[in-house]
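First comes the structure, then the notes that go with it.
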């Protein structure tokens, strides 16, 4: 039996476990990346490990999320990250150099390598044939220290692409179709591999758009073959020597298979408030729009913006629409400035903002009250835009651009004329905004600069024999990390200040939750299915930990968030019988009886409801390693124990 693309990379990097679905495996990690919203905490954790220098082939720290400097906080964090990077052997991408995933694809990602990043959209690099996964900051810190990255061996889904995209239909429409078929829960525990004759018609940036939004499926990652298209992209970036060919074996066996005929696709949109709420633009109809945002790590490549410029050229943005465009990197911005496309964009009336995440992470450009916003981004969760009652639709750059002109949601295939824009034979390469670290000889002389906004982070404590608490929050299905720990311009500057962030925890769900936690000291949360979907932000575990949350009992968990809970010593308990969800109510007093023994022995945990007198059993499926982590009170405590 042959291997798939991802199985070949896993096999080459396997340091622990066996490659059987459902088993825990440990992988050697070649590269890591962080961004500034999660990076400060990640580097504080790395420092706490006492390792003198990173042990990866390449680690890069990006500044792309918290670039709006309305106070000293973001600038201070940037300075801290820059000094840590210089001291510990990490390359530093300065503010303005671009979005981490776009820059990493251009300059660092390599076919056949492993990459983890403290951002859920790290699988973007799967477009270049890299096994790239989003992870919690603590997992990234451990990988930088030379430790393996542990995952459950995923199943593999074969996505067979046939045909070729028609004019004005784009890679964004491909991944929206996959989301329509599979839903936001359909990828949990799976890797999506894109193969078939349709693959050769897609450029690396187009492939990266598809692997980027694979995160919305809940997938472990997504990946494309490394082929002649990959080689041409790397050659154009001046990195031909990084090319390694990688195809699935002819007799590779997949766990699932779906087929998508590219030639039959039409422009699609994800309607509010979920990336899988997908319908054709034609069927949705000409709804009036207030705002259009083009950019993000999903759709901000050179090819994307050239297509946008082609549509905008000679036209004017509708008077009722605000059009905002953010190039994904300095490289992209330089190139469209040099060839005149930027002038066409500006002449149309678009507002061009810096090469950063910007509106995608809620960092400015919030829509008006009740406004309709078309975005080329990857998430449209309620309130994520910064406006609680906004209606956000996820669309392709082509759909976004023509809609901005027309003032209503418009099918771009109605345009008629189409300019076929080729990939450049060579990209403008200028890495002057990427700072190399100090040499090992000079590293000890580097001063780590900490601003007053950097506060100590909470640490889990060893698991008790018995946990007595109160159910202080009860939630439904598909609770996102944006619900748990919101982002946005008002909150992101405090990502290194956990005590301050506690006041915003679950603000969208229940504003009284933080005060109840402070009153009672400990808390248990009850939730529905797919708890913790969305971002990899570790703060969605750290902030509840600081509020005394000891356990979350849910119908099911999203992969990265579940790992973050374990890493921080919070019990991720699952209902064995989902009907038991209805047997626990808000404010019920509960006791986890003999919980330490249960975790240590891999047994179900008994939850006694003191309010009703009922006892239910829940499961906590942990590997032997994860049990030790939980008993120690988290990964940091466990790592220190291992070092000692």
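The values are calculated or read from the model by the stated rules, or taken from the named source; none is laboratory data. This structure is a prediction, so every number in the text was calculated from the model and none was measured. Here Cβ is always computed from backbone atoms with ideal geometry, including for glycine, and neighbour counts include all displayed protein chains.
Can you find even one residue in the range 101-119 that is at pLDDT below 95, surrounded by fewer than 24 Cβ atoms within 10 Å (Cβ to Cβ) and in a helix (DSSP H, G or I)?
no
Please verify whether the range 574-589 includes one or more residues that are farther than 21 Å from residue 520 by Cα and surrounded by 22 or more Cβ atoms within 10 Å (Cβ to Cβ).
yes
Would you be able to tell me the number of residues in the range 334-366 that are touching a residue at least 40 places away in the same chain (Cβ under 8 Å), crowded, with 19+ Cβ neighbours inside 10 Å and under 19 Å from residue 430 (Cα atoms)?
3
Scan the range 458-469 and give yes if some residue there is farther than 30 Å from residue 611 by Cβ and either surrounded by 12 or more Cβ atoms within 10 Å (Cβ to Cβ) or touching a helix residue (DSSP H, G or I) at 6+ places or on another chain (Cβ under 7 Å) (or both), otherwise no.
Within the range 458-469 (the criterion being farther than 30 Å from residue 611 by Cβ and either surrounded by 12 or more Cβ atoms within 10 Å (Cβ to Cβ) or touching a helix residue (DSSP H, G or I) at 6+ places or on another chain (Cβ under 7 Å) (or both)), the answer is yes, since at least one residue qualifies.
Based on what the data block shows, is residue 453 outside the structural domain of residue 287 (by TED's automatic domain parsing), in contact (Cβ under 8 Å) with a residue 60 or more places away in the chain, within 30 Å of residue 632 (Cβ to Cβ) and in a loop (DSSP other than H, G, I, E, B)?
For residue 453, the condition - outside the structural domain of residue 287 (by TED's automatic domain parsing), in contact (Cβ under 8 Å) with a residue 60 or more places away in the chain, within 30 Å of residue 632 (Cβ to Cβ) and in a loop (DSSP other than H, G, I, E, B) - is met.
Closer than 20 Å to residue 480 by Cβ, in the same structural domain as residue 113 (by TED's automatic domain parsing) and either at pLDDT below 95 or buried (at least 24 other Cβ atoms within 10 Å of the Cβ) (or both): does that describe residue 221?
yes
Out of the strands (runs of 3 or more DSSP E) lying entirely within the range 174-265, which hold 3 or more residues that are under 23 Å from the mean Cα position of the chain (by Cα)?
Those strands (runs of 3 or more DSSP E) span 190-195, 221-223.
Which of (1) touching a helix residue (DSSP H, G or I) at 6+ places or on another chain (Cβ under 9 Å); (2) outside any strand (DSSP E or B) is the odd one out, the single condition residue 146 does not satisfy?
Result: residue 146 passes all but (1).
Does residue 387 qualify as being outside the structural domain of residue 123 (by TED's automatic domain parsing) and buried (at least 24 other Cβ atoms within 10 Å of the Cβ)?
The answer is no for residue 387.
State yes or no: is residue 249 surrounded by fewer than 20 Cβ atoms within 10 Å (Cβ to Cβ), within 19 Å of residue 12 (Cα to Cα) and touching a residue at least 40 places away in the same chain (Cβ under 8 Å)?
The answer is yes for residue 249.
Answer yes or no as to whether residue 7 is over 28 Å from residue 442 (Cα atoms) and in a loop (DSSP other than H, G, I, E, B).
The answer is no for residue 7.
If only one of 37, 75, 12 is within 24 Å of residue 220 (Cβ to Cβ), assigned to a helix (DSSP H, G or I), out of contact with any helix residue (DSSP H, G or I) (no Cβ under 9 Å at 6 or more places or on another chain) and not assigned by TED's automatic domain parsing to the domain that holds residue 329, which one is it?
None of the others qualify; the one that does is 12.
From 424, 458, grab the single residue that is farther than 19 Å from residue 81 by Cβ, modelled with pLDDT of 95 or more and not in a strand (DSSP E or B).
One residue alone meets the criteria, 424.
Residue under question is residue 307, and the condition is that it be outside the structural domain of residue 121 (by TED's automatic domain parsing), closer than 22 Å to residue 163 by Cβ and either surrounded by 24 or more Cβ atoms within 10 Å (Cβ to Cβ) or free of Cβ contacts under 8 Å to residues at least 12 places away in the same chain (or both); does it hold?
Against the criterion (outside the structural domain of residue 121 (by TED's automatic domain parsing), closer than 22 Å to residue 163 by Cβ and either surrounded by 24 or more Cβ atoms within 10 Å (Cβ to Cβ) or free of Cβ contacts under 8 Å to residues at least 12 places away in the same chain (or both)), residue 307 qualifies.
Considering 216, 197, which residue is closer than 27 Å to residue 25 by Cβ, at pLDDT 95 or above and in the same structural domain as residue 129 (by TED's automatic domain parsing)?
After applying the criteria, what remains is 216.
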